[in-house]
Amino acid sequence: MAFLLNGKPLGIDVPFTVGDINYPANWLRLSTAEEKTAIGITEIENPKVYDLRFYWTDGTEKKITDTNEVDENGDPLLDLNGNQVVNLGVKSLLKAQEKDTANKLLAKYDWQVVRKMEKGIELDSKVSTYRDAVRTAYTTRVAEIEACSNTSDFVTLYDYTEQSDGTNKPNMTHYPDDPYTFELT
């Protein structure tokens, strides 16, 4: 259930103003359909929800590639240091997220790498294999992102495919499971 006031989204449990009248946060929950209609509020039964990684809230596709900002004359917009202002596109943002994820997965066992450098004690073989697999998955995931040429490609990549046994398999390469994470049964 979603509501629009003069064609713009109206948040539930958020106070709002129409004309000179301030409405409390709980008004939408307590009012009747007739009361809402009387002040110009329309109700949408099943609002379309967009994946905000790829779309703006109104359903407009985000730019896939980076764009240089320009002023009203078409001249490059510069930051305080004189550098071109660049709006990052979906590809750059997703690749940055992948880098952050891979770094966090690797960081858990960085202490073993430091110990090897300082004391010459070898890495646990499971950890070494895991760290290599994280790097491989990262490289593959970045390549999968790079291969996307439009929003539809991204939606497909970040979706799942139903398997014959009824389970869902991610379309994107999966990061390896931590070798020392145990499931409690």
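The numbers here are math on the coordinates, done by the rules we state, and not lab data. Note that this is a predicted model, so its numbers are computed, not measured.
Of note:
- Here the Karplus relation 6.51 cos²θ - 1.76 cosθ + 1.60, evaluated at θ = phi - 60°, turns the backbone of the stretch 64-75 into coupling constants of 7, 9, 5, 10, 7, 7, 10, 7, 5, 8, x, 7 Hz, with x for every Gly and Pro.
- For the chain, relative contact order (Cα pairs under 8 Å, six or more residues apart, normalised by length) works out to 13 percent.
- A Gaussian network model of the chain, with springs between Cα atoms under 10 Å, assigns the largest mean-square fluctuation among ALA33, ALA107, ALA96 to ALA33.
- Proximity of backbone amide H atoms, modeled 1.01 Å from N, is registered between ALA2 and ILE44 at under 5 Å, excluding neighbours fewer than 5 places apart on the same chain.
- Amide H to amide H, with H built 1.01 Å from N, LYS62 comes under 5 Å of TYR55, TRP56, counting only residues 5 or more places away or on other chains.
- Per-residue 3J(HN,Hα) values for the stretch 57-63, derived from phi via the Karplus relation 6.51 cos²θ - 1.76 cosθ + 1.60 with θ = phi - 60°, read 4, 8, x, 6, 5, 6, 5 Hz in sequence order (x marks Gly and Pro).
- Amide H partners (placed H, <5 Å) of VAL18, local residues excluded: TYR23
- Normalised by residue count, the stretch 2-44 yields a Cα convex hull volume of 63 Å³ per residue.
- The HN-Hα couplings worked out from phi for the stretch 110-116 by the Karplus form 6.51 cos²θ - 1.76 cosθ + 1.60 (θ = phi - 60°) are 4, 4, 6, 5, 5, 4, 5 Hz, whole numbers, x standing for Gly and Pro.
- Within a Gaussian network of the chain (alpha carbon springs, distance under 10 Å), most fluctuating of VAL113, VAL90, VAL70: VAL70
- Based on C-alpha pairs under 8 angstrom that are at least 6 apart in sequence, the stretch 45-85 has a relative contact order of 21 percent.
- For the chain: rounded, prolate or oblate by the Cα gyration tensor [a/c cutoff 1.5]: prolate
- Pair-distance profile P(r), taking every C-alpha pair of the stretch 89-170, with 10 angstrom steps and integer %: 16, 34, 28, 16, 6, 0
- Among ASP153, ASP100, ASP124, the largest mean-square fluctuation in a Gaussian network model of the chain, built with springs joining Cα atoms closer than 10 Å, belongs to ASP124.
- Non-local lysine pairs in the chain, meaning eight or more places apart or on different chains, with alpha-carbon distances under 19 Å, amount to 15.
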